[in-house]
Structure formats: C-alpha cells, structure tokens
Amino acid sequence: MTLKYINNQLSINGHDVKTIAEQYGTPLFIYDENMIREQCRRFHNALQHSGLKYSISYASKAFTSIQLFNIMQEENMGLDVVSEGELYAALQSKIDASTIHFHGNNKTDREIEFAILSGVEYFVIDSIEEISRINTIASTLNTVVNAILRINPGVEAHTHEFIQTGQEDSKFGLSIKHGLAIQGIHALQNAPFINFRGVHFHIGSQIFESTGTIRTIELVIEWLVNENISIDILNIGGGFSIRYTEDDLQYPIEDGIRNITETLKSECRKFNYALPEISLEPGRSIVGEAGITVYEVGTVKEIPHTNCYISIDGGMSDHIRTALYNAKYELLLVNRNEKSDKTVTIAGKLCESGDIIARNTKLPSSVSRGDLLVVKSTGAYHYSMSSNYNQMLKPSVVFVSNENIREVIKRQTLEHLFANEVI
Ligand SMILES: *Cc1c(COP(=O)(O)O)cnc(C)c1O
C-alpha cells in the first residue's frame, strides 16, 4: 500500500483520503485492493516455485466480506470458515463451496449438516467426539465427507521464539504427546462416512520467521512415519506476521515458504514418505496491512505534565486489539503534512478506560478537533471483531484500487441497531 502526502494531503494509492472520508463518513475502513491481490500472488508464486501440489485458503475470520471473498475467488484462494455465519457469508460470494474448509473446536450439529449440504471441501476435525457426530450426520445424509485432523504438535511459535513444550494446554487440536492425535486418526480411518485426508496444525500468530514451522514439520513427518500413517494433505495453518509499527517484522513470504517447502521435501525424502499436498491458511497477512481506519478528532484533553488525550469518533467498537492484546499502532494526520513532534494518547469514545487506540504515540502538536487521523494496518481483526457496544454503528468499508473507489460494506444505520428488538 502506498500512503503518502500529495500536496500536503495524505493519499492512498494516489486517492485523497480526506475526499474519500468526506464521501463515506468516519470512522471508515479503507482497503487497498491491489495490495490484497498482491499478497495472494506472493503466496501463490512462492508455492508454485516449490513444485509441490498446494492450496491456499484465506482465513475468513480476519475480515469477512462478500466483495473480499469475490477477490479471493479471482485470486484462486479457497476459504476457511469456523461458523454457520462465516459459511453463509462465503456462500453469498463467488467462492466455490468445494474450496471451503470448515474449522472450529465446537461445531454444532446444525453447522455440520449445513457444511455437508453446502459441499465444503473438508472438515478440520478438532476433537475425538466430533468424529462420531460428523460420521452420523454424514450417514444420515448418505454421503461421505472429507476430513483432516487438527493436531497439537506441542510447539508454540509466535512473538520472539518458538517454544517446544508447554503448549499442550490448548483448546485447539489433539495432542501428539498425549496420544490423542493418533487416537483421532484411527477413529477417522474407522469412520465409514469419513474420508481421512491428512493433518493440520496452526502454531501461532504473528510468526515472523520459519523456524517454528520447520521444526513442527520435522516432528510431524517423523511422527507419521513412526505411526505408519500416510496423508494426502499437510495443512500448516496461517499466522504469518505483518507490520503494525516500524518495530514489527513482516513475514518473509518468499524465503519462508521456500524454507518450509524444502524442509517438507527433504523430510519426505529422508523417510521415503509420499509427498503430501501442502496447504496454507493466511488471514492477517492477506488483508492486515492493506487496511487503514480513518477517524475524525473530537475532544482533545491536555493533562498538565501527564498526557494529552486525543479522542476520536470510534474506539473499541471498531478497534479492539489495543484493549485486547495491548497491540501497538501508528497513526498519521490526514489533512496536512507536519512533523510528528508530540507524544499523545489516542482514545476511543466508548465508556471504558481501556478504550485506547494507541498509547504514547507521536502526532503533530497542532492536531485538534475536526482533523482526520489514519490508523495503519487495521485490515485484519478489526472490522470482523467490531461490535455495537454503546450502540455504536459499524463503520463502512471502502476498497480502492488503482482505478476506482467502491463501497463494499455500508455503514450501519440506527434502524439496524433495533432490527431484532421486540417493540
Ligand atoms: C486464525 C487462524 C488462521 C489465520 O491466522 P492469521 O494470523 O490471520 O494468518 C489460520 N488457521 C487457523 C486454524 C486459525 O485459527
């Protein structure tokens, strides 16, 4: 994405941010459609390079939108969904149901039936008891469904180092170490209405290098060899890091995928094990850096020798990650280009002290009511985590490409807030 000042005004890919905000209002999410497509192509190119059979599915929870799903279809991406609602949204788009994977650690019977009837490619199994439930529902529908098993390899990889133990205590996956994973595979192999296709792991988020994934692939292939289990699909999940601030490392997609695919090839060669298809599930890395939020500044509160609170017209209802994870963000002033020389705290307008967007960040000292601010890298887990707390309206979402600007999700109206109320 290109965010730069042209004639003293911030622009995104050459489009004036203030003009877009004036047309669609604030708070507003703007996505660079070209960057979304570029990220998809980088993953495709890296995997094509490996010569392996592969598939990539976008983890739809990062940002669920029908127009985005249409772009995913155009970019040959499948889709991961974890609920009836995400599946329903996917089915409203051009995405082919046969590229959808149904995840989740607590799939309801209704979701299982809906997913089977929709013709999803496979289920990602997350518990032993789920196997018999899916088998029963599939038998009732007189169909055989594909499934892969989510295993817990006992490896945790995120932030700074990967940790190879201590991750056994997780609600996700079936533990290799405690024998649950192999028990799950045997149960799948014995389920007449389930076709066991392979295994899945997802070892963390904001993973910025390939070491943890490589160790996990080595561990998993050795385990499968020892257990004498063959697979068609090895799904290594998502979690590829993005840059929220200058201090963050962006996952090196090309190098990282090369390391990963080379490891898979050499491990399989070493054990004379049949090469499986490799699958990836990037979410954040597809949409995260491609999105920004635009807010209008309201109250500015200067507390002498303490802090300066700049309040904006949104908050934790459209930006929960700072409150939830103490995530860090960088901001830019939209309507003029001045040096960021003052330390300020950007606060939301919701009734929680924790409703903060960025603590002790830098902005020009002249920022005041009516100015527009951009928060960078808000494309993933912002709109999709938005809420109506304080009866805030969910913002609108706009896609810009080199050629055009289009609204893809409209702002909620006050009527939407009461649509389900019994009056
Ligand atoms: C959340 C999730 C992803 C995507 O993670 P990102 O950090 O957005 O890439 C992929 N696979 C699974 C199983 C997940 O839970």
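The values are calculated or read from the model by the stated rules, or taken from the named source; none is laboratory data. All values derive from a computational prediction rather than experimental measurement. Note that we place each Cβ from the backbone using ideal geometry, even for glycine, and neighbour counts take in every protein chain shown. Please note that ligands, DNA and RNA were not included when accessible areas were found on the heavy atoms of the full protein model with its side chains. Shrake-Rupley method; radii C 1.70, N 1.55, O 1.52, S 1.80 Å.
For region 1-18, a tally of residues being of a type in the set (Val, Ile, Thr) and under 16 Å from Val297 (Cα atoms) returns 1. Could you tell me whether Glu246 is away from the ligand (no atom under 16 Å from the Cβ) and in a helix (DSSP H, G or I)? When the stated conditions are applied, Glu246 does not pass them. Restricting the search to strands (runs of 3 or more DSSP E) fully inside region 58-135 and requiring at least 3 residues that are more than 25 Å from Tyr383 (Cα to Cα) gives 122-125. Note on region 105-119: among residues that are surrounded by 14 or more Cβ atoms within 10 Å (Cβ to Cβ) and under 20 Å from His202 (Cα atoms), the one that is nearest to the ligand (Cβ to nearest atom) is Asn105. Scanning region 191-226 for residues that are open to solvent by less than 30 Å² (accessible area, probe 1.4 Å), in a loop (DSSP other than H, G, I, E, B) and either free of Cβ contacts under 8 Å to residues at least 40 places away in the same chain or more than 16 Å from the ligand (Cβ to nearest atom) (or both) yields a single hit, Ala191. The residue of region 267-285 that is nearest to the chain's Cα centre (by Cα), among those that are of a type in the set (D, E, K, R) and surrounded by fewer than 17 Cβ atoms within 10 Å (Cβ to Cβ), is Glu277. Residue-level check: of (1) more than 9 Å from the ligand (Cβ to nearest atom); (2) under 30 Å from Ile292 (Cβ atoms), Ile229 misses just (2). Residues that are open to solvent by less than 10 Å² (accessible area, probe 1.4 Å) and either among the polar types (S, T, N, Q) or farther than 20 Å from Glu38 by Cα (or both) within region 238-266 comprise Ser241, Ile260, Thr261, Leu264, listed in sequence order. Of all residues in region 291-309, those that are open to solvent by 10 Å² or more (accessible area, probe 1.4 Å) have Cβ atoms under 7 Å from Cβ atoms of residues that are among the β-branched types (Val, Ile, Thr) and not in a strand (DSSP E or B), 6 or more apart or on another chain, in Glu296/Thr26. Considered as a group, the residues in region 249-275 that are under 23 Å from Ile292 (Cβ atoms) and among the hydrophobic types (A, V, I, L, M, F, W, C) include one that is farthest from the ligand (Cβ to nearest atom), and that residue is Leu249.
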